[in-house]
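What follows is calculated from the coordinates using simple rules that are stated; it is not laboratory data. Worth saying up front: this structure is predicted, and the values here are computed from it rather than measured. Here Cβ is always computed from backbone atoms with ideal geometry, including for glycine, and neighbour counts include all displayed protein chains.
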Amino acid sequence: MAAMTNSVGLIVPPLRATVPPDALAMYPSMRFEAEGLGLTEMSAEAYAAAIGRAGECAASLATRGARAAFLFGTSLSFFSGPSGNRQIVDAMSAASGLPCQTLTGALSAALASLGARRLAAVTAYTDEVNALFRAYFEADGYEFAALEGMGIAALSAVEGVEESDIAVLAERALATSSGADALVIACAGLRTATVAPALEKRYAMPVVSSAMIGAHAAVALSGSDPRVEGFGRYFARRT
C-alpha cells in the first residue's frame, strides 16, 4: 500500500472537532483535519439548522491544507433525500474547490459495489430519523429486511454506546430478517472497528458501518490507497 501522507479533511457533526475513533483505528498513519458543524441533536430540524455550515467548514479545511472534504455524518446527509445530498456536495465543492463527498453517498456506493440490495440495518437513531434513513435508501433502490434503532436523540449519548450493545441489536435484526445481503451499522458516532468485523465473521455476510465506510471513503477521496486488512472484506479489496 502506498505511503499515506495526504491530509484528509473531515466535517464532523459535533462542534468539538475530533477525529472519529474508527478512522484512527483503521488509518493510524494518516493525517486527518477536522471541522465541527455544531450539531447537538439528531432530528430533522437540528440537521436543517446545522447543515448550512458545511460549505464554511469545507472552505476552512481547504485553507488548512486538506486534499479533500468529507462530510462524516450519515443522517446529516440522508435527512433531505438524494437531491438534498447532492446539494450538500455541491455547496461544499463550491466553497472549497476540493473533491467533496458525504457519508451517505459513500455508504450507498459501497453497498452497490458489494451487490447488496436487501439490507438489515441497526442504527443509533429514533424512529423519526430511521424513517428518513429508510426513505433515502429506498429511493436509491434498496429494500430493508430489518431496521432496528437505539432511539437516541442526543448526539452526546452516542459516545456512550458500547460495541456489545451494537452486537445485541444486530443479532436481533438478523434474527427477525430474511434474505439480507448485508448488515449496515448506521451512525458515524458509533465505535464499530472491532464489532463490525466480528459480526461479519459470525454471520458470513458483508458488514459495513457508517464510521468505517466514512474513513475508507475519505482516505480514497484524498488520493491515498484506502485498502486495509482486518476490518472486513470490503475494506481490504481494491475498489
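Checking each residue in region 173-190 for being surrounded by fewer than 21 Cβ atoms within 10 Å (Cβ to Cβ) and within 20 Å of Gly105 (Cα to Cα) picks out only Asp181.
For Ser108, the conditions (1) closer than 18 Å to Pro82 by Cβ; (2) loosely packed, with under 15 Cβ neighbours inside 10 Å; (3) hydroxyl-bearing (Ser, Thr, Tyr) are fulfilled apart from (2). Of all the criteria given as (1) more than 14 Å from the chain's Cα centre (by Cα); (2) on the phi < 0 side of the Ramachandran plot, the one not satisfied by Ala204 is (2).
Out of Ser83, Ser60, report the one residue that is surrounded by fewer than 18 Cβ atoms within 10 Å (Cβ to Cβ), among the polar types (S, T, N, Q) and part of a helix (DSSP H, G or I). Can you show your working first?
Values: Ser60 fails: surrounded by fewer than 18 Cβ atoms within 10 Å (Cβ to Cβ).
Answer to the check: Ser83.
The residue pairs whose first member lies in region 56-72 and is among the small types (Gly, Ala, Ser), whose second member is part of a loop (DSSP other than H, G, I, E, B), and whose beta carbons are closer than 7 Å, counting only pairs six or more residues apart or on different chains, are Ala58/Leu98; Ala62/Gly97; Ala62/Leu98; Ala66/Leu98; Ala68/Leu98; Ala68/Pro99; Ala68/Ser222; Ala69/Leu98.
For region 21-40, which residues satisfy the criterion of being surrounded by fewer than 17 Cβ atoms within 10 Å (Cβ to Cβ) and on the phi < 0 side of the Ramachandran plot?
From region 21-40, those surrounded by fewer than 17 Cβ atoms within 10 Å (Cβ to Cβ) are 21, 24, 28-29, 31, 38, 40; that's our starting set.
Answer for region 21-40, where residues must be surrounded by fewer than 17 Cβ atoms within 10 Å (Cβ to Cβ) and on the phi < 0 side of the Ramachandran plot: Pro21, Leu24, Pro28, Ser29, Arg31, Thr40.
Return a yes/no flag: does region 123-131 have any residue that is in a strand (DSSP E or B), closer than 21 Å to Leu183 by Cβ and in contact with a Cys (Cβ under 9 Å, 6 or more places away or on another chain). Yes. What number of residues within region 9-52 satisfy the criterion of being of a type outside the set (Asp, Glu), part of a helix (DSSP H, G or I) and free of Cβ contacts under 8 Å to residues at least 40 places away in the same chain? So the answer is 8. Of all residue pairs spaced 6 or more apart or on separate chains, those with beta-carbon atoms under 6 Å, a first member in region 154-172 that is surrounded by 12 or more Cβ atoms within 10 Å (Cβ to Cβ) and a second member that is part of a helix (DSSP H, G or I) are Glu163/Val195; Ile166/Val195; Ala167/Val195; Ala170/Leu199.
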